[in-house]
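This report concerns only the one structure given below.
The values are calculated or read from the model by the stated rules, or taken from the named source; none is laboratory data. As the structure is a prediction and not an experimental result, all values here were calculated from the model. As a convention, Cβ positions derive from the backbone with ideal geometry for all residues, glycine included, and neighbour counts pool all protein chains shown. Surface accessibility is based on the protein's heavy atoms, side chains included, excluding ligands, DNA and RNA. Shrake-Rupley method; radii C 1.70, N 1.55, O 1.52, S 1.80 Å.
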Amino acid sequence: MGVGGVIFDGASVLLAKRGQEPAKGTWSLPGGAVELGERVVDALKREIQEEVGIEIEVGGLVRVLERIIQDQGNRVRYHYVIIDYWGWKVSGHPTPGSDTSDICFVPLEGIRKWDIHREVLETILMAVELRDRASAQER
């Protein structure tokens, strides 16, 4: 099981360039594997701290995805259940960790121009809607 985070900093969202397989070299949401006995939200906070170097606050669940990646012989190479949350940067300066080759905050207005997987874009757009709805309820 894995976790991912749509992490906001104002009108920008955090993307991480994967430094390892699967999908090495692609831009994605930061996150990683849940360790045995670890709560999912705690895993997200730990992974963001380890791989990006920032502290976050978690706003809520965006969605659950299942990703099955096959090799050229159609054998299952990876099978992940990924739980994506949205949240925001609390403190720290983003720096790439061991599993990321680059990271950056991307302005939301230009996110559709980035070369990211369709599911990543959908997750970001869903998170924007959830964040905006939560913000409106606070007013």
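Of note:
- Region 68-87, residues that are under 13 Å from residue 4 (Cα atoms) and out of contact with any helix residue (DSSP H, G or I) (no Cβ under 7 Å at 6 or more places or on another chain): 80, 81, 82, 87
- Out of 52, 3, 106, 41, one residue alone is open to solvent by 40 Å² or more (accessible area, probe 1.4 Å) and either in contact with a Ser or Thr (Cβ under 6 Å, 6 or more places away or on another chain) or β-branched (Val, Ile, Thr) (or both). It is 41.
- Pairs, first under 13 Å from residue 27 (Cα atoms) in region 112-139, second open to solvent by 80 Å² or more (accessible area, probe 1.4 Å) and of a type outside the set (A, V, I, L, M, F, W, C), C-beta under 9 Å, six or more apart: 121/112
- Qualifying position, being of a type outside the set (Gly, Ala, Ser), open to solvent by less than 50 Å² (accessible area, probe 1.4 Å), under 29 Å from residue 132 (Cβ atoms) and touching a strand residue (DSSP E or B) at 6+ places or on another chain (Cβ under 6 Å), among 80, 85: 85
- Region 71-88 residues that are closer than 19 Å to residue 32 by Cα, paired with ones that are at pLDDT 95 or above and polar (S, T, N, Q) (beta carbon under 6 Å, 6 or more apart): 84/123
- Residues being closer than 20 Å to residue 106 by Cα and hydrophobic (A, V, I, L, M, F, W, C) - total across region 24-43: 2
- Within region 37-50, residues that are farther than 13 Å from residue 94 by Cβ sit with their Cβ atoms under 7 Å from residues that are open to solvent by 70 Å² or more (accessible area, probe 1.4 Å), at 6+ positions apart or across chains, in these pairs: 43/35.
- Elements of type strands (runs of 3 or more DSSP E) contained in region 1-85, each with 1 or more residues being over 14 Å from the mean Cα position of the chain (by Cα) and of a type in the set (Ser, Thr, Tyr): none
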